[in-house]
Structure formats: structure tokens, C-alpha cells
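Enquirer: First, the structure itself, so that you have it in front of you.
What follows draws every value from the coordinates through simple rules; no lab data is involved. Model, not experiment: these values are computed from the prediction. For neighbour counting, all protein chains shown are included, and Cβ atoms are generated from backbone atoms with ideal geometry for every residue, glycine included.
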Amino acid sequence: MAKKAEVGYGRPPVETRFQKGTSGNPKGRPKGSCNGSLQLALMKELDRPMDLTENGRKVKITKKEVLAKSLIANAIKGDTKAFQMIMTLAGEVSSDQDTASSEAEAPDDLAILAAWEQRKAQRTRGGGDE
């Protein structure tokens with residue numbers, strides 16, 4: 001007597017199983033439904049313009065520029081995390097450029113950084129501004 005294939009959980013009837021050589025998703029993913037990564041979506045959003053009031057005038061600039069202005073303003077006020085972020089981003093930008101020109105400016109940059117850190121340390125100790 002021939003055995004019938006068992007049917008149950010995880011074992012559908014043989015007639016309804018996927019046929020060999022045929023895709024389970026013949027139409028595939030629709031084009032444009034998933035256009036990439038989070039990074040791409042973030043860059044797209046940062047490139048969108050927005051209205052900003054600057055010196056009493058409405059200006060239309062990208063969200064990327066708004067974030068850059070905000071980051072720089074916070075660094076100038078003494079926010080060390082904002083300053084570190086700027087230095088990190090500036091390092092990434094300068095690495096894309098010619099390294100020879102950035103190496104020539106390195107001593108001046110180090111002197112500026114040392115002076116800034118010294119002023120920051122004086123402020124935290126209560127020394128006040130110079």
C-alpha cells in the first residue's frame with residue numbers, strides 16, 4: 001500500500017507546494033518601494049529647504065545648513081560636544097581634500113586648539129573671560 005504524504009503544520013499538501021524552479025515571489029519587489037538605506041533617506045531630508053528668520057528676514061536654506069549654523073553657534077558658546085563634532089566633521093572633509101595642504105596647516109590648528117582648551121579650563125575654574 002502506498003503511503004500518502006502527511007499533511008499538517010509546516011507540511012502543506014504536495015499539490016499546493018511551490019513547484020521546483022518557480023519563484024515564490026514571481027513579481028518581485030516593486031521598483032522604488034525601498035530605495036536604500038537610512039543614510040540615503042537622511043541625506044534626502046537634510047537637502048530639503050526650510051524657511052528661517054535671520055536678522056528679521058525670511059531666508060530659505062536647507063536643513064543641513066540650519067544644523068551647521070546651530071552646531072557652530074553652540075560650539076562658540078562653549079559646548080565642548082558641539083566643538084568635538086565640528087572637529088570630527090572637519091577632519092572628514094579635510095581627508096577628502098589634499099592631505100599635503102592640511103598637513104601644512106596642522107601646527108597653527110594645534111596652537112588654536114590649545115588656546116581654546118586653556119580658555120575653556122579657565123572658565124570652568126571660575127577665572128572668567130579674558
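Enquirer: What does the charge add up to near residue 71, with Lys and Arg as +1, Asp and Glu as -1, over the other residues with Cβ less than 15 Å from its Cβ?
Expert: +2
Enquirer: Separate question: Find how much the distance from residue 72 to residue 87 grows on full extension, using 0.36 nm per residue of separation minus their present alpha carbon separation; answer in nm with one decimal.
Expert: Result: 4.3 nm gained on full extension.
Enquirer: Roughly speaking, what is the stretch gain from residue 51 to residue 115, that is 0.36 nm per residue apart minus the C-alpha to C-alpha distance, in nm to one decimal?
Expert: Numbers: separation 64, 0.36 × 64 = 23.04 nm, distance 3.67 nm.
Stretched fully, the residue 51-residue 115 segment lengthens by 19.4 nm.
Enquirer: Placing +1 on the Cβ of each Lys and Arg and -1 on the Cβ of each Asp and Glu in region 37-79, which of 42, 62, 78 has its Cα farthest towards the positive end of the resulting dipole?
Expert: 62
Enquirer: Which whole-Hz ³J(HN,Hα) couplings does region 8-25 yield from phi under the Karplus relation 6.51 cos²θ - 1.76 cosθ + 1.60, θ = phi - 60°, glycine and proline marked x?
Expert: Values, residue by residue: x, 4, x, 9, x, x, 4, 5, 9, 6, 4, 7, 5, x, 10, 5, x, 9 Hz.
Enquirer: Now for a different question. List the residues, sorted by chain then number, that are 5 or more residues from residue 62 or on another chain and whose placed amide H is less than 5 Å from its amide H.
Expert: 50
Enquirer: Along the Cα→Cβ direction, 7 angstrom out, place labels at residue 39 and residue 79. What is the inter-label distance in nm?
Expert: 2.5 nm
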